[in-house]
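This report concerns only the one structure given below.
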Amino acid sequence: MHNNDDTGQDKKSGLQSAERRNFIGRTALLGAGAVAAPMTATMFATMAKANAAEAANSPVVHPGELDEYYGFWSGGHSGEVRIMGVPSMRELMRIPVFNTDSATGWGLTNESKRIKGDSAHLLTGDSHHPHMSMTDGRYNGKYVFINDKANSRVARIRCDVMKTDKMITVPNVQAIHGLRVQKVPYTKYVICNGEFEIPMNNDGKGSLEDVSSYRSLFNVIDAETMEVAFQVMVDGNLDNTDADYDGKYFASTCYNSEMGMTLSDMIASERDHVVVFSLERCEAALKAGKFKTYNGNKVPVLDGRKGSELTRYIPVPKSPHGLNTSPNGEYFVANGKLSPTVSVISIKKLDALFNDKIQPRDAIVAEPELGLGPLHTAFDDKGNAYTTLFLDSQIAKWSVKDAIRAYKGEKVNYLRQKLDVHYQPGHNHTSQGETRDADGKWLVSLCKFSKDRFLPVGPLRPENDQLIDISGDEMKLVHDGPTFAEPHDCIMVHRSKLKPQKLWTRDDPIFAETVAMAEQDGVNLMADNKVIRKGNKVTVYMTSIAPTYGLSEFKVKLGDEVTVVVTNLDQVEDVTHGFCMTNHGVQMEIGPQATSSITFIADKPGVQWYYCNWFCHALHMEMRGRMLVEA
């Protein structure tokens, strides 16, 4: 394992056993060597040092050992978020977010529908950019936020239970794309972009020909309430975004400054721009009431178009895509996409830019030429940057400091290495590289194509996540990982930052409304098993403890609306139960000490079996019961 310490987590018995096995193995090896020749202290130290170096640079995580990092991967058009172990690249868990998931009942249970709110009827999503909340520019292990480009939503995942707990449909926009969090002093705001331009009053009275009223909006969401704090109208569209390490500025790329509606129009200009937003000025304008509202909602929209005091527009070449902040807090890097260059913007110069002491292009301190199709840049702790080159299928490693020197006219080579990846990389991320804690150990390249890397599986091929060791002077590709559609983006968080719960707590807000409903019905969820009828609405309360349900049978009438509420009484951390009503499309997960509920129509007469569909006991197959639907 790469630096397999026990920071933030107690060592498990498996870790201790693995270490003991390693100790015994090394002792045996030394003993065998001693037969051939005595080993001096110097030889012993040299061997130990070599073994340590090899282990530190290995992606292998042996049975009984833990990964050093949690990876949060977006699921792209699967609509989910995946938890990976890094460096093993083992998939640990899938968190359903914008999708419907039959294993957990997400999108089917009453609890998940409440969380999805006004979008509970939507069955699909396109999740792109997962990012964790921060304190003082460091991950704090509280939340992961994720956007849904397909349905203009933002969701929040609680990292103590690894479940989605809030979701918002962002008004006035279409296609929420780039998403980041405020880094300093803490994540008060989540920032995200409305990528597609639409009429500001999109009431059907607009035109396909006249696009003069079309706008894109920068969206600022309160991280705790998950409500829109304010929006900022801009010229052009918005793509990716990021925040500084001073709590002062946000920045976003624009690839359609032309406001074109066709491909040829959108790529006509040789330069587009980066929009920089002053948080202080935006909050002051909001407080002063300098905003408008649109589409019949109360969300305040500030005017940040060119000439506004709230924003500055920095011209950059051409159709820029990714926007990334260096861990030292000094630079925004805008990646050219249709230009072989990336533009390095000095954050220290933004005060002067907003006070009109310099021109917008004066904030550019480097524009290195890297290759074809630069999309995203990640960073290590040694001053190096790593940029994906989509068309070249490469990662370019370059020195930020030397790129700045070259921009000043010095003859210096800023390129350190180019590494082939397979194929067409989009996002890439370094271990903790979006924070002050960038450690320069690992880089992940998320490749969009994988032909010839894996066994062929038909016309639909997997994509390819590649793990790259960046701890030395040269990048080294150490792992290929096939993956289903589509890990668009990822982050890597050191395991010391996270403290997931092992059991649910009974006062958890995710199922608080269900608990309150039971209290109104006079039901003790931890003890009672009963059926309550109110007209044609029937609520069935039952407990579960492996391998039985508290109710082995109940009766309803044909056409009844039936709500089944199950409380898992088990206190063993991996004994999850399920509830599946056959032939009704009813499935859900109930974790230990959790309560879950699901509502359906009893539309089939006769005996209907229900059973536990999460393996929980040696007598798991016998954990079942009957519902009689009386005609």
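Miscellaneous remarks
- Given Lys149/Lys287; Lys530/Lys604; Lys397/Lys418, the pairs whose alpha carbons are separated by over 18 Å: Lys149/Lys287; Lys530/Lys604
- The distance linking the stretch 114-137 with the stretch 379-413 is 33 Å (Cα centroid to Cα centroid, whole angstrom).
- Counting charges near Val540 (Lys, Arg +1; Asp, Glu -1) among other residues having Cβ under 14 Å from its Cβ returns a value of +2.
- Ranked by how many other beta carbons lie within 10 Å on average, peptides 563-569, 126-132 from highest: 126-132, 563-569
- Here the contact order of the stretch 292-345, divided by its residue count and restricted to Cα pairs under 8 Å and six or more residues apart, works out to 23 percent.
- Each Cα pair under 8 Å and six or more residues apart adds its sequence gap; the mean of these over the residue count of the chain is a relative contact order of 10 percent.
- The residues of the chain have, on average, 42 Å² of accessible surface per residue, using a 1.4 Å probe with all protein chains present.
- Working from Cα pairs under 8 Å separated by at least six residues, relative contact order for the stretch 530-611 is 28 percent.
- Sum of side-chain charges, Gly137 neighbourhood, beta-carbon under 11 Å (Lys, Arg +1; Asp, Glu -1): -2
- Computed lengthening from Leu92 to Leu619, 0.36 nm per intervening residue step minus Cα-Cα distance: 187.1 nm
- Förster radius 41 Å - calculated FRET efficiency between Gln417 and Glu513 (Cβ-Cβ, nearest 0.05): 0.15
- Ranked by the mean number of other Cβ atoms within 10 Å per residue, highest first, peptides 538-547, 288-297, 327-336 order as 327-336, 538-547, 288-297.
- For the stretch 452-474 versus the stretch 569-612, the spacing of their alpha-carbon centroids is 38 Å.
- Placing R0 at 30 angstrom, the Cβ-Cβ distance between Val60 and Leu123 gives a FRET efficiency of 0.15 after rounding to 0.05.
- Check: the chain dipole with +1 on Lys, Arg Cβ and -1 on Asp, Glu Cβ, in debye: 360 debye
- Of the peptides 63-75, 501-513, the order by per-residue mean of other Cβ atoms within 10 Å, starting with the highest, comes out as 63-75, 501-513.
- On full extension, the segment bounded by Glu630 and Ser264 gains 125.3 nm, given 0.36 nm per residue less the C-alpha separation.
- Among the listed values [x] 44, 37, 20; [y] 56, 32, 23; [z] 50, 43, 26, the one computed from these coordinates for semi-axes √(5λ) of the Cα gyration tensor in Å is [x].
- Charge tally for Ala396 (other residues, Cβ to Cβ under 12 Å; Lys, Arg +1; Asp, Glu -1): 0.
- For the residue pairs Lys142/Lys382; Lys188/Lys497; Lys183/Lys502; Lys337/Lys357; Lys166/Lys318, alpha carbon separations beyond 25 Å are given by Lys142/Lys382; Lys183/Lys502; Lys337/Lys357; Lys166/Lys318.
- Between the stretch 487-533 and the stretch 215-245, the C-alpha centres lie 31 angstrom from each other.
- Think of each Lys and Arg Cβ as +1 and each Asp and Glu Cβ as -1; about the Cα centre, that makes the dipole of the stretch 99-156 roughly 120 debye.
- Measuring r between the beta carbons of Leu460 and Lys306 and using R0 = 60 Å, the FRET efficiency lands at 0.85.
- Unsatisfied cross-links (Cα-Cα over 21 Å) in the set Lys349/Lys441; Lys113/Lys292; Lys534/Lys557: Lys349/Lys441; Lys113/Lys292
- Taking each DSSP H run with n ≥ 4 as -39500 (n - 2.57) and averaging over every residue of the chain yields -4000 deg cm²/dmol at 222 nm.
- The chain - percent of accessible surface contributed by carbon and sulfur, probe 1.4 Å: 54 percent
The values are calculated or read from the model by the stated rules, or taken from the named source; none is laboratory data. Keep in mind that this is a model prediction, so the values were computed, not measured. When we count neighbours, we look across all protein chains shown, and the Cβ atoms used for this are built from the backbone with ideal geometry, even at glycine. Each accessible area value is taken on the protein alone, full model and side chains, heavy atoms only, with ligands, DNA and RNA left out. Shrake-Rupley method; radii C 1.70, N 1.55, O 1.52, S 1.80 Å.
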